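The values are calculated or read from the model by the stated rules, or taken from the named source; none is laboratory data. Being a predicted model, the structure only gives us computed values, none of them experimental. Cβ coordinates were reconstructed from backbone atoms using ideal geometry, including for glycine residues, and neighbour counts include every protein chain displayed. For the accessible areas, the whole protein counts, side chains as well, though only heavy atoms, and no ligand, DNA or RNA atoms are used. Shrake-Rupley method; radii C 1.70, N 1.55, O 1.52, S 1.80 Å.
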Amino acid sequence: MYEIWLVMNIVWEIALGLWPVLLAGGLLWGVLVATAWRRPGTRWRAGLPLALGVGAGVAALALVLVPGWTQSSLSEMGYWVDWANLLALAGGFGAVALAWMWPLAAMRRRSR
């Protein structure tokens, strides 16, 4: 349990250092969603498969690339917490990609 608490504290400290970027990204995403919501003919359900595919692709790519970004490798992942952290990071990248892609895909697939 201590390892999980330590990871949560590290993520919090990183977020505190990046809060202006996170706030700007959140506001831009909110504007994107509001634009898609207000645009007539936006089909959220039709855009979801593309957004899910992009999110899954980004998560899979992050699963392979994150260890290299942290100057580690998959062969050094010997502890379950390492794998949990890697899966959580990859899932986070995938979730952000899905959240950004869904309104774009919904607007792209407007009904005629």
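Things worth noting here:
- Leading residue by the ranking (nearest to Met107 (Cα to Cα)) among those in the stretch 50-77 that are without any contact (Cβ under 8 Å) to a residue 24 or more places away in the chain and in contact with a helix residue (DSSP H, G or I) (Cβ under 7 Å, 6 or more places away or on another chain): Pro67
- Residue within the stretch 29-36 that is outside any helix (DSSP H, G or I), without any contact (Cβ under 8 Å) to a residue 40 or more places away in the chain and more than 22 Å from Met8 (Cβ to Cβ) present: no
- Residue count for the stretch 54-84 satisfying the condition of being more than 18 Å from the chain's Cα centre (by Cα) and in a loop (DSSP other than H, G, I, E, B): 6.
- Note on the stretch 35-53: among residues that are hydrophobic (A, V, I, L, M, F, W, C) and open to solvent by 50 Å² or more (accessible area, probe 1.4 Å), the one that is nearest to the chain's Cα centre (by Cα) is Leu52.
- Applying the condition of being open to solvent by 30 Å² or more (accessible area, probe 1.4 Å) and β-branched (Val, Ile, Thr) to the stretch 55-98 and asking which residue is farthest from Val33 (Cα to Cα) yields Thr70.
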